[in-house]
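Encoded as structure tokens, the structure appears first; notes follow it.
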Amino acid sequence: MPLTMLMYASISRLPPEGAMLAVEAILKRARARNARRGLTGALLFTGQHFVQVLEGPAAAIDGLWGKLQTDPRHEGLVPAIHGPLQKRRFDNWAMSYSGPSQFVSKRVQLMFNVDDPVAQSRAADWVLDLMYQFSKP
Ligand SMILES: Cc1cc2nc3c(=O)[nH]c(=O)nc-3n(C[C@H](O)[C@H](O)[C@H](O)COP(=O)(O)O)c2cc1C
């Protein structure tokens, strides 16, 4: 089955107090479910936004994408990179970054800039590389 990769950004709907616990809960369930479905990737959380990279069989990604879009813990999902993948970049499923750094937040905000696809795609590539670096031991 051909590999697909999907990266999207979304706006967190988690109440700021207790957000970290809620993210931990998302991660815990996601790790188990994704392992069963052959999905790898990473989740980044800035306090305001999520960015998620998913890699795996197209059917598994499509199925999860449907669920993610109706999940009330976030909204305004913007797909940033979506397409066939030769080789996985994330060997596991992990939290790649969590924190309020303005440096990261500014780039993530650019991923919502659908009116400027060039800036949007440049920001997505930058964030993807950051997530990859953070996912390494
Ligand atoms: C930011 C975010 C990332 C998520 N990532 C995953 C994930 O990688 N895998 C997963 O199974 N569920 C993930 N979820 C949870 C799904 O949206 C959904 O709740 C879960 O698949 C269970 O759906 P179900 O109870 O309808 O079967 C995520 C939720 C949020 C808000």
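Residues of region 3-32 being open to solvent by 100 Å² or more (accessible area, probe 1.4 Å) and either under 25 Å from residue 57 (Cα atoms) or assigned to a strand (DSSP E or B) (or both), which ones?
Correct list: 28, 29, 31.
Of all residues in region 52-76 being within 8 Å of the ligand (Cβ to nearest atom) and under 18 Å from residue 32 (Cβ atoms), which is surrounded by the most Cβ atoms within 10 Å (Cβ to Cβ)?
54
Across region 101-110, which residue is surrounded by the most Cβ atoms within 10 Å (Cβ to Cβ) among those that are out of contact with any strand residue (DSSP E or B) (no Cβ under 8 Å at 6 or more places or on another chain) and more than 16 Å from residue 132 (Cα to Cα)?
110
Condition check: farther than 18 Å from residue 29 by Cβ and either in contact (Cβ under 8 Å) with a residue 12 or more places away in the chain or of a type in the set (Val, Ile, Thr) (or both). Does residue 103 satisfy that? Show your work before the answer.
Working: farther than 18 Å from residue 29 by Cβ: yes; either in contact (Cβ under 8 Å) with a residue 12 or more places away in the chain or of a type in the set (Val, Ile, Thr) (or both): no.
Answer is no for this residue.
Could you list, in sequence order, all residues of region 111-137 that are open to solvent by 70 Å² or more (accessible area, probe 1.4 Å) and more than 13 Å from residue 7 (Cβ to Cβ)?
114, 115, 117, 118, 122, 133, 134, 136, 137
Name the residue that is surrounded by the fewest Cβ atoms within 10 Å (Cβ to Cβ), counting only residues in region 34-51 that are touching a residue at least 60 places away in the same chain (Cβ under 8 Å) and either farther than 16 Å from residue 100 by Cα or touching a His at 6+ places or on another chain (Cβ under 9 Å) (or both).
49
For residues that are assigned to a loop (DSSP other than H, G, I, E, B), within 20 Å of residue 14 (Cβ to Cβ) and either of a type in the set (Asp, Glu) or open to solvent by 40 Å² or more (accessible area, probe 1.4 Å) (or both), tally how many sit in region 77-100.
Total meeting the criteria: 1.
Any chance you could count how many residues in region 111-122 are in contact (Cβ under 8 Å) with a residue 40 or more places away in the chain and small (Gly, Ala, Ser)? Write out each step before concluding.
Start the filter on region 111-122 by keeping residues that are in contact (Cβ under 8 Å) with a residue 40 or more places away in the chain, which leaves 111-112, 120-121.
Filter once more, keeping what is small (Gly, Ala, Ser): 121.
Adding up the residues that qualify gives 1.
Tell me which residues, restricted to region 101-120, are part of a loop (DSSP other than H, G, I, E, B) and within 21 Å of residue 19 (Cα to Cα).
101
The values are calculated or read from the model by the stated rules, or taken from the named source; none is laboratory data. Computed from a predicted model, the values in this text were never measured in an experiment. Using ideal geometry, Cβ is built from the backbone for each residue, glycine included, and neighbour counts are taken over all protein chains shown. With ligands, DNA and RNA removed, areas are computed over all heavy atoms of the protein, side chains included. Shrake-Rupley method; radii C 1.70, N 1.55, O 1.52, S 1.80 Å.
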